[in-house]
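S.K.: Once you've had a glance at the structure underneath, I'll fire off some questions.
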Amino acid sequence: MTINFKKTYRFAVKSSLYITLFSTLLVSFLTHYFFEFSLNFILIFAVCIASFSFLVVQYRVERFIYKKVKKIYDDVSLLESSTFRNQPITTDMATLTREVKKFATDKKLEIETLKVREEYRREFLGNVSHELKTPLFTVQGYLSTLLDGAMNDKTIRKKYLERAEKGVERLIYIVQDLDMISKLETGDLNLEIAEFDIVKLVQNVFDLLEMKASKKDILLMFDMRYHKPIMVLGDQEKIQQVVMNLVVNSIKYGKLKGTTEVSIEELTSDKVIVRFTDNGEGIEKKNIPRLFERFYRVDQSGARTEGGSGLGLSIVKHIIEAHDEKIYVDSTFGVGSEFSFTLTTAKNQASFGVKK
């Protein structure tokens with residue numbers, strides 16, 4: 001640890017002045033009554049006492065403070081990284097107080113961050129184990145039943161094998177989603193950026209999910225007729241997955257005979273925003289900040305009956321951020337929700353359609 005004194009003379013000057021004033025007055029009094037008074041003697045005496053007092057006070061006090069401060073630095077260095085340990089020691093109390101306060105604030109923030117991460121880690125591990133053990137136990141149960149003798153019945157054998165296969169498919173689905181999120185977070189998943197028509201992409205998703213929506217009598221619709229294509233830049237396959245996840249999510253939490261409406265609006269000269277609006281159950285404000293966490297579910301019971309890996313919105317967020325775009329959520333509990341994200345428009349952008 002380097003030693004770099006920051007000289008502070010105010011204390012030493014004041015202390016030496018007090019000593020000098022007292023000593024000079026005392027000597028003046030004594031010489032006046034016992035000896036012949038001499039102004040030159042008094043001045044020389046005062047200068048000598050002031051100089052000696054200043055040097056002694058400055059040196060002794062500074063060394064004393066240094067020893068105490070060094071102990072503080074040594075104690076703090078045991079808890080801190082090399083960045084604090086390499087700082088020069090200062091005997092200036094204001095500077096020391098500021099540095100120690102900053103150190104304490106940083107450590108408090110670090111502790112709070114570690115607590116949040118630890119809580120998230122425990123919750124994440126609990127969610128992962130729950131999501132994985134359900135299909136695993138399902139597969140194990142059907143296979144164990146078959147091995148215990150049900151295999152001889154062709155009807156039961158086929159039914160149980162089909163159910164076990166669905167459990168395996170769910171496991172594969174969860175693992176694939178986790179793998180995609182990990183690749184997106186580490187940057188290992190390369191995006192194939194190209195021009196594509198976002199209107200056509202949304203319509204393709206509507207066609208794929210039409211039967212799923214019809215089970216709840218939910219109408220999938222645009223907010224207007226888009227007569228011309230709206231060309232955007234992005235990874236078409238990944239953006240289609242984003243649209244698919246958002247529409248599936250709106251169907252999952254939508255009400256019977258509800259609607260899921262998609263609108264594509266011009267945000268800036270080179271950006272469009274794609275909105276997904278439903279009139280479902282909505283989301284409470286306390287849950288909105290955590291919507292994009294892995295495995296986080298607003299409804300811990302009912303949502304699981306709808307299937308899915310619990311990673312859909314987390315994947316949506318990572319894909320959009322991988323495109324350097326933004327995703328937004330606006331929801332009113334009991335009224336409905338709106339998810340939206342931005343995309344960069346391609347050059348020679350066609351004009352928007354006409355309202356119905």
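S.K.: Within the range 135-184, can you find the residues that are of a type in the set (S, T, N, Q) and modelled with pLDDT of 80 or more?
M.R.: Thr138, Gln140, Ser144, Thr145, Thr155
S.K.: Okay, next question. Open to solvent by less than 90 Å² (accessible area, probe 1.4 Å) and modelled with pLDDT of 75 or more: which single residue out of Asn204, Asn127 fits that description?
M.R.: Asn204
S.K.: Also, I was wondering about something else. What pairs come up if the first residue lies in the range 200-217 and is outside any helix (DSSP H, G or I), the second is not hydroxyl-bearing (Ser, Thr, Tyr), and their beta carbons are under 6 Å apart, counting only those six or more places apart or on different chains?
M.R.: Leu209/Val247; Lys216/Leu256; Asp217/Leu256; Asp217/Lys257
S.K.: Exactly one of (1) farther than 15 Å from Val316 by Cα; (2) surrounded by fewer than 21 Cβ atoms within 10 Å (Cβ to Cβ) is unmet by Leu191. Its number?
M.R.: With (1) farther than 15 Å from Val316 by Cα; (2) surrounded by fewer than 21 Cβ atoms within 10 Å (Cβ to Cβ) applied to Leu191, the lone miss is (1).
To keep it simple, each residue is scored yes or no on (1) in contact with a Gly (Cβ under 9 Å, 6 or more places away or on another chain); (2) more than 29 Å from Val262 (Cα to Cα); (3) open to solvent by 40 Å² or more (accessible area, probe 1.4 Å).
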| site | (1), (2), (3) |
| --- | --- |
| Thr145 | no, yes, yes |
| Ala150 | no, yes, no |
| Leu171 | no, yes, no |
| Val175 | no, yes, yes |
| Lys238 | no, no, no |
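S.K.: Here is a further query. Being modelled with pLDDT under 90, outside any strand (DSSP E or B), open to solvent by 30 Å² or more (accessible area, probe 1.4 Å) and more than 20 Å from Asp197 (Cβ to Cβ) is true for just one of Lys257, Lys228. Which residue is that?
M.R.: Lys257
S.K.: While we're on this one: Got a number for residues in the range 11-49 being surrounded by fewer than 16 Cβ atoms within 10 Å (Cβ to Cβ), under 60 Å from the mean Cα position of the chain (by Cα) and modelled with pLDDT of 70 or more?
M.R.: Within the range 11-49, residues that are surrounded by fewer than 16 Cβ atoms within 10 Å (Cβ to Cβ), under 60 Å from the mean Cα position of the chain (by Cα) and modelled with pLDDT of 70 or more number 4.
Yes/no matrix, rows are residues, columns are (1) surrounded by fewer than 18 Cβ atoms within 10 Å (Cβ to Cβ); (2) in contact with a strand residue (DSSP E or B) (Cβ under 7 Å, 6 or more places away or on another chain); (3) modelled with pLDDT of 90 or more; (4) not small (Gly, Ala, Ser):
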{"site": "Leu246", "(1), (2), (3), (4)": "no, yes, yes, yes"}
{"site": "Asn249", "(1), (2), (3), (4)": "no, no, no, yes"}
{"site": "Tyr253", "(1), (2), (3), (4)": "no, no, no, yes"}
{"site": "Lys271", "(1), (2), (3), (4)": "yes, yes, yes, yes"}
{"site": "Ile315", "(1), (2), (3), (4)": "no, no, no, yes"}
{"site": "Tyr328", "(1), (2), (3), (4)": "yes, yes, yes, yes"}
{"site": "Ser331", "(1), (2), (3), (4)": "no, yes, no, no"}
{"site": "Gly334", "(1), (2), (3), (4)": "yes, no, no, no"}
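S.K.: Do the conditions hold for Glu162, that is, is it farther than 21 Å from Glu321 by Cβ, acidic (Asp, Glu), open to solvent by 50 Å² or more (accessible area, probe 1.4 Å) and touching a Leu at 6+ places or on another chain (Cβ under 8 Å)?
M.R.: no
S.K.: Taking the range 272-290 as the region of interest, how many residues are assigned to a strand (DSSP E or B) and among the aliphatic types (A, V, I, L, M)? Give the steps one after another, and end with the answer.
M.R.: Start the filter on the range 272-290 by keeping residues that are assigned to a strand (DSSP E or B), which leaves 272-278.
Add one more test, that the residue is among the aliphatic types (A, V, I, L, M), and what stays is 272-274.
Total satisfying the criteria: 3.
The values are calculated or read from the model by the stated rules, or taken from the named source; none is laboratory data. Every value quoted in this text rests on a predicted model; they were computed, and no experiment measured them. Cβ coordinates were reconstructed from backbone atoms using ideal geometry, including for glycine residues, and neighbour counts include every protein chain displayed. Protein only, heavy atoms only, side chains kept; ligands, DNA and RNA dropped before computing areas. Shrake-Rupley method; radii C 1.70, N 1.55, O 1.52, S 1.80 Å.
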